[in-house]
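Take a look at the structure set out below.
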Amino acid sequence: AVGEKSVFEPFDKEAFKKEILNNIKYLFRKTPETASQQEIFQAVAYASKDMIIDEWLNAHKEYEKQDAKTVYYLSMEFLMGRALGNNLINLCCYKEVAEVLQEMGLDINVVEDQEPDAALGNGGLGRLAACFIESLSTLNYPAYGCTIRYKYGMFKQQIVNGEQVEIPDDWLKNGNPFEIKRPEYSQEIKFGGYVRIEYNEKLGRNVYVQDGYQSVMAVPYDLPVVGYNNGIVNSLRIWDAEPLVQFNLDSFDKGDYQKAVEQENLAKSIVEVLYPNDNHYSGKELRLKQQYFFVSASLQQVIKKFKATHDDIHQLPDKVVFQLNDTHPTVTVPELMRILIDEENLEWDDAWDITSRCCAYTNHTIMAEALEKWPVDLFMRLLPRVYQIVEEINRRFLIQVEEKYPNQYDKIRNMAILYEGQVRMANMAIIAGFSVNGVARLHTQILEERELHDFYEMMPEKFNNKTNGITQRRFLLHANPLLAQWVTDKLGTDEWITNLPLLKGLAPLADDSRARKEFQEIKYQNKLRLAKYIKEHNGIDINPDSIFDVQVKRLHEYKRQLMNIMHIMYLYNQLKDNPDMKFYPTTFIFGAKAAAGYKTAKQTIKLINAVADVINNDPAVNDKMKVVFIENYCVSNAEIIFAASNVSEQISTASKEASGTGNMKFMLNGAITLGTMDGANVEIVEEVGSENAFIFGMSSDEVMGYEANGGYNPREIYEQDADIHRVMDQMVDGTYSNGDTETFRELFNSLINQDVYFILKDFRSYAEARAKINEAYRDSKAWNRMAILNTACSGKFSSDRTIEEYVRDIWHLKKVFVK
Ligand code: 26M
């Protein structure tokens, strides 16, 4: 169906074939017979880029003509994944290109597999940014995504002897066919030095000049972000760093030679690598350099662009809005103030008014260890002028607090930007911006009532919720072509591609036995596809008739992969004790990267692989259970995994997962949620009905209640519950470590002493929910009914809905249409 109602000119297959052949010839001096698959991928990618270019130019011409307001989505991460397949889909020529390739004896899936993932992100936050810019283009809104052109993206994960090994992700080694370098928009970025105060006669006041600094050149590359079937192409602007002076080294004296080398090193180091931490702040100077680097470059460029066609800078908020993706780009606030005051010569109040009206902040976590708090001395040394402005913002804000809450020192303690020698970025983002949003209803409520309560009380008008979403173009149309075609056939239209709530029309089919059979068969085909992937990449055979029970996401204690694997250990014990126990065969699938320095997370991966090793090699249970750890979980294999899943594990400690977005991708593909009442799970259950999901565990209120009282006593459970006791002991009696008692000792200790994530406390309730799910799967009629209803009720979770809400409540953009 894709392409039938294309707004584009009819696709010329012959011309496209010719273009591929030309590319193979002129790029590589080869023929299709001698070219490698990688070269063929590049030839196809360049040919598709040629289709994009005109739309890209055209859309921007229209933006300029209409002088349209633009959102700048500032994010340290954009987890884009592969581009080729999705670009072809959004250009409405995927099917045709697949045919062209087939005529040339090529398989489009193999060609797509040659493309490295653009993994410029860690997990949820980065993938959300990627879904958002795709939706922005599809919904006809002018937008830029701004980030860093990391030389190395998210590391590739290998499992060696059960342990994670990080391999550098050299994603640019074969070049990037889609990017375009824009050296004419290069910006100088200054670090360090000191601030000199000068009296300026003309202005009649002091001005501030940064001196003795080091600088680098920020050089942008643009990647196209193609809207679905609408002729809109926005840009993801990724900033690279280059030294300013390298070109005329010979003419420099010794001192300058030194300087040139320093610049070279500074430039190299800033864009070298993505920090692989997820939900954890590390306080590294280089990280702050990265933040200032891409923020300052983006802002300088925006201001120049604005001034080229406007003469009153006060109008900036009518044309520009900056969305801060978490606190990572919050240096936007003082940097914009600096530009307005030092370079545009505005007075403080004017500059503050403009800055406030341009900046909005999204909070993605309540995990305390993720809060960015920069040591003042580091901040001051690296960004001396920006720091002065931070001090002034803080000083003025505290006067307001003092006025509103005289002598209430706790208000200052909670809300000050500068406190105990630290710069608290979240506080700055909240104080400066006009909007603060959480990413799911429960999360926003927790922000308002607890985490940010003082701010909420002082400025309630800023607070709002924007429940996350995902793009159905990637996570259904591209990831699951069989289901996509089925949906189109059943609805009699492919309009769901840009209007996901239309999936509601599938709901009656849940009671139609033929439809259920078809749905089940599609799931089965997708399970075969995943089984093949697992066989090829992990060498493990799995049974496609078993339940695919899947937990894929970053590894973090609060996400409780440990609870999942402990439950598998418990099941294994049961099956060994009681071989005739009623149990539907299940394949337990994990995929997770651990931050390189996160010990407990790495131990959990090791435990999962150790348990997998024992269970998968025990013939006594192998027709009943298998455990698979999929290496290198990433966007491209995620697409295969979601399509093949029956059970979606969303088991975070209630209150800790701000939203989750994997939960939505599973639901869209007809998997049933097994989860806690956390993040967006709450809204998923609301949409699909609690009878079509499996919910267990403590509520967020209960969790926060225990936390307020210093936790609970896990040892009591360990002593009283014999099954849990046994599983715990097996962690340290060598059952899963060839007799070694210390391998998993730290995991054991963390549970017995503190269990901050309530794993033992929720274990029984989790086990019951899992037993129910195992039983429920036997009734294939009821199961497929549930599965269809999950797909049918997932319409709310399109990022198109989320983006329309951002536009309506925060950004106030207008749609731009092109001929
Ligand atoms: C911070 C400092 C230094 C280095 C790295 C970081 C950092 C990087 C990523 C901190 C947090 C990061 O990501 C947090 C994140 O991914 N949060 C997730 O955001 C999703 C989108 O809103 C939500 O769905 C998830 O619930 C939330 O955990």
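Here are the numbers:
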{"quantity": "In nm, spacing of pseudo-spin labels at Lys815 and Asn22 (7 Å Cα→C-beta vector)", "calculated": "3.5"}
{"quantity": "The stretch 293-351: C-alpha gyration tensor shape, a/c 1.5 cut-off, then a/b vs b/c", "calculated": "prolate"}
{"quantity": "Relative contact order of the chain, defined on C-alpha pairs under 8 angstrom at six or more residues apart (%)", "calculated": "14"}
{"quantity": "From phi via Karplus (6.51, -1.76, 1.60), per-residue ³J(HN,Hα) for the stretch 461-466 in Hz, x at Gly/Pro", "calculated": "5, 6, 7, 7, 9, 9"}
{"quantity": "When each of Lys173/Lys268; Lys156/Lys796; Lys173/Lys259; Lys373/Lys466; Lys532/Lys576; Lys593/Lys796 is checked by Cα-Cα distance, pairs over 22 Å", "calculated": "Lys156/Lys796; Lys173/Lys259; Lys373/Lys466; Lys532/Lys576; Lys593/Lys796"}
{"quantity": "Fully extended contour minus Cα-Cα distance, from Ser513 to Lys602, at 0.36 nm per residue", "calculated": "27.5 nm"}
{"quantity": "DSSP-loop trypsin sites (Lys or Arg not before Pro) across the stretch 609-662, with at most 11 other Cβ within 10 angstrom", "calculated": "none"}
{"quantity": "Theoretical FRET efficiency, 1/(1+(r/R0)^6), r = Cβ-Cβ of Leu172 and Asn622, R0 35 Å, to 0.05", "calculated": "0.25"}
{"quantity": "Ellipsoid equivalent to the stretch 572-640 - semi-axes via the Cα gyration tensor, in Å", "calculated": "27, 15, 8"}
{"quantity": "Convex hull projection area averaged over all views, the stretch 162-236, Cα basis, nm²", "calculated": "12.0"}
{"quantity": "Residue exposure sequence - Lys30, Lys61, Lys523 - by fewest surrounding Cβ within 10 Å", "calculated": "Lys61, Lys30, Lys523"}
{"quantity": "Volume of the Cα convex hull of the stretch 733-799, divided per residue and given in Å³", "calculated": "183"}
{"quantity": "Cα-only radius of gyration and Dmax that characterise the stretch 381-429, units Å", "calculated": "11.2, 35"}
{"quantity": "Per-residue Cβ neighbour rank within 10 angstrom, fewest leading, Ile540, Ile773, Ile630, Ile197", "calculated": "Ile197, Ile540, Ile773, Ile630"}
{"quantity": "For the stretch 519-585: Kirkwood Rh in Å [reciprocal of mean 1/r, alpha carbons]", "calculated": "14.2"}
{"quantity": "Ranked Arg441, Arg182, Arg205, criterion: other C-beta atoms within 10 Å, fewest first", "calculated": "Arg205, Arg182, Arg441"}
{"quantity": "Gyration tensor verdict on the stretch 294-428 (Cα atoms; rounded if a/c is under 1.5, prolate if a/b is larger than b/c, oblate otherwise)", "calculated": "prolate"}
{"quantity": "Kirkwood hydrodynamic radius of the stretch 112-241, Cα pairs, Å", "calculated": "18.1"}
{"quantity": "Equivalent ellipsoid semi-axes - Cα gyration tensor, the stretch 319-367, angstrom", "calculated": "23, 10, 8"}
{"quantity": "Reference-scaled alpha-carbon Rg (2.2 N^0.38 Å with N residues) for the stretch 385-522", "calculated": "1.71"}
{"quantity": "The stretch 732-774 and the stretch 584-651: distance between their alpha carbon centers, rounded to Å", "calculated": "16"}
{"quantity": "Equivalent ellipsoid dimensions for the chain as semi-axes, Å, which come from the Cα gyration tensor, largest first", "calculated": "43, 35, 26"}
{"quantity": "Cα-based Kirkwood hydrodynamic radius, the stretch 82-150, one decimal, Å", "calculated": "13.9"}
{"quantity": "Cα pair distances in the stretch 590-687, grouped into 10 Å bins until the bin that holds the longest one, percent each", "calculated": "14, 35, 39, 11, 0"}
{"quantity": "Near-label residues of the stretch 356-394 by backbone N, under 19 Å of a point 7 Å along Cα→Cβ of Glu420", "calculated": "366-379"}
{"quantity": "Nearby lysines by direct alpha-carbon distance to Lys761 (threshold 18 angstrom, same-chain neighbours under 8 apart not counted)", "calculated": "Lys559, Lys656"}
{"quantity": "Within the stretch 17-56, GluC sites (Glu not before Pro) in DSSP loop having at most 16 other beta-carbon neighbours inside 10 Å", "calculated": "Glu33"}
{"quantity": "Gyration tensor (alpha-carbon) shape descriptor, the stretch 515-673, a/c threshold 1.5", "calculated": "rounded"}
{"quantity": "27 Å Cα-Cα threshold exceeded, pairs from Lys61/Lys151; Lys626/Lys665; Lys665/Lys781", "calculated": "Lys61/Lys151"}
{"quantity": "Extended-chain gain in nm, criterion 0.36 nm per residue less alpha-carbon gap, Glu14 and Asn58", "calculated": "13.4 nm"}
{"quantity": "Cα-based Rg and Dmax for the stretch 1-151, where Dmax is the largest Cα-Cα distance (Å)", "calculated": "16.9, 49"}
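Read-outs: derived from the displayed coordinates by stated rules, not from any lab. Keep in mind it's a predicted model, so treat the numbers as computed, not measured. Don't worry about glycine lacking a Cβ; one is built from the backbone with ideal geometry, like all the others, and counts go over all protein chains shown.
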